[in-house]
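Below is one structure, written out as structure tokens, with a few remarks after it.
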Amino acid sequence: MTKLIVNADDFGLSEAVNYGIISAYKNGIVRSTTIMAGMPAFDHAVELLKENKGLGCGVHMTLSLNKPVLNYHKTIVDENGNFYRRITNELIEEKFDLDEVYEEFSAQIDKVINSGVKVDHLDSHHHVHTLKALRPVIERILEKYKLPIRGGFEYELNYDKVIPMTESFYSDNVTDDYFENFINEIKGHEIIDIMCHPAFIDENLVNSTSYVMQRIKEYSILTSKKVQEFLTRNNIELINYSKLYN
């Protein structure tokens, strides 16, 4: 039986995102989320987690949206103190002090832990943790926190808690028959993380990303009774990361 982690990214980005994720957990197949420590609706997200104990939560390490948690960085922010919006290996190698990245990611993780959230894994906004230029940072983070982490790396990582993931549930692939179309990929793994972005819409979301209306479609699919019945028929077990290493 394949264990499927349907992980909703961007928890904390806005209140509408938070409500959409919680509803996709209560009424659909989402069992896991990852919270963004530096976003406007972080505190709101933490309060919702307290009311929804069964929703697993990791940290969505962020380097490409809004401002850092720490306010003293010199190399990983622009002249306005904001993160750069597009992170590449070239940008990291040319501009970034990797110690700043490490300190920022640590501060984000610590903020979530100190808020009372039982953190069960790590991933990142725009998959920045998978970039080869950040390998030294991620190795230090994993040595410090020893948490499971979403896969998809550009590099080899000597770590036994990397969970395979698919980012196929995105953009043009967000269709009512997604799970039928990709069931063989899903069943090809003992455990797999499906990245998703269910949400309701508010002004903060619209101002943060171009990926907006697709989130409503994702929500519709992830809460579909037909999808839930299809996964049950195919012996897919819905879990979160906390179920893996306990």
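Assorted remarks:
- Per-region count, region 41-72, residues assigned to a helix (DSSP H, G or I) and either without any contact (Cβ under 8 Å) to a residue 12 or more places away in the chain or not small (Gly, Ala, Ser) (or both): 9
- Flag if Ser115 is polar (S, T, N, Q), touching a helix residue (DSSP H, G or I) at 6+ places or on another chain (Cβ under 6 Å) and either crowded, with 16+ Cβ neighbours inside 10 Å or free of Cβ contacts under 8 Å to residues at least 24 places away in the same chain (or both): yes
- Residue count for region 91-112 under the criterion of being touching a residue at least 40 places away in the same chain (Cβ under 8 Å) and either of a type in the set (A, V, I, L, M) or open to solvent by 40 Å² or more (accessible area, probe 1.4 Å) (or both): the result is 6.
- Cβ separations smaller than 7 Å between residues 6+ apart or across chains give the following pairs from region 163-180 residues that are buried (at least 18 other Cβ atoms within 10 Å of the Cβ) to residues that are assigned to a loop (DSSP other than H, G, I, E, B): Ile163/Pro148; Ile163/Gly151; Met165/Gly151; Met165/Gly152; Tyr178/Phe169.
- Cβ separations smaller than 9 Å between residues 6+ apart or across chains give the following pairs from region 219-240 residues that are over 15 Å from Thr175 (Cβ atoms) to residues that are part of a loop (DSSP other than H, G, I, E, B) and open to solvent by 30 Å² or more (accessible area, probe 1.4 Å): Asn235/Met1; Ile236/Met1; Glu237/Met1; Leu238/Arg31; Ile239/Arg31; Asn240/Arg31; Asn240/Gly54.
- Considered as a group, the residues in region 1-34 that are basic (Lys, Arg) and over 15 Å from the mean Cα position of the chain (by Cα) include one that is surrounded by the most Cβ atoms within 10 Å (Cβ to Cβ), and that residue is Lys3.
The values are calculated or read from the model by the stated rules, or taken from the named source; none is laboratory data. Because the structure is a prediction, the values reported are computed rather than measured. In this analysis, Cβ positions are derived from the backbone assuming ideal geometry, glycine residues included, and neighbour counts consider all displayed protein chains. Only protein heavy atoms, including side chains, enter the accessible area calculation; ligands, DNA and RNA are left aside. Shrake-Rupley method; radii C 1.70, N 1.55, O 1.52, S 1.80 Å.
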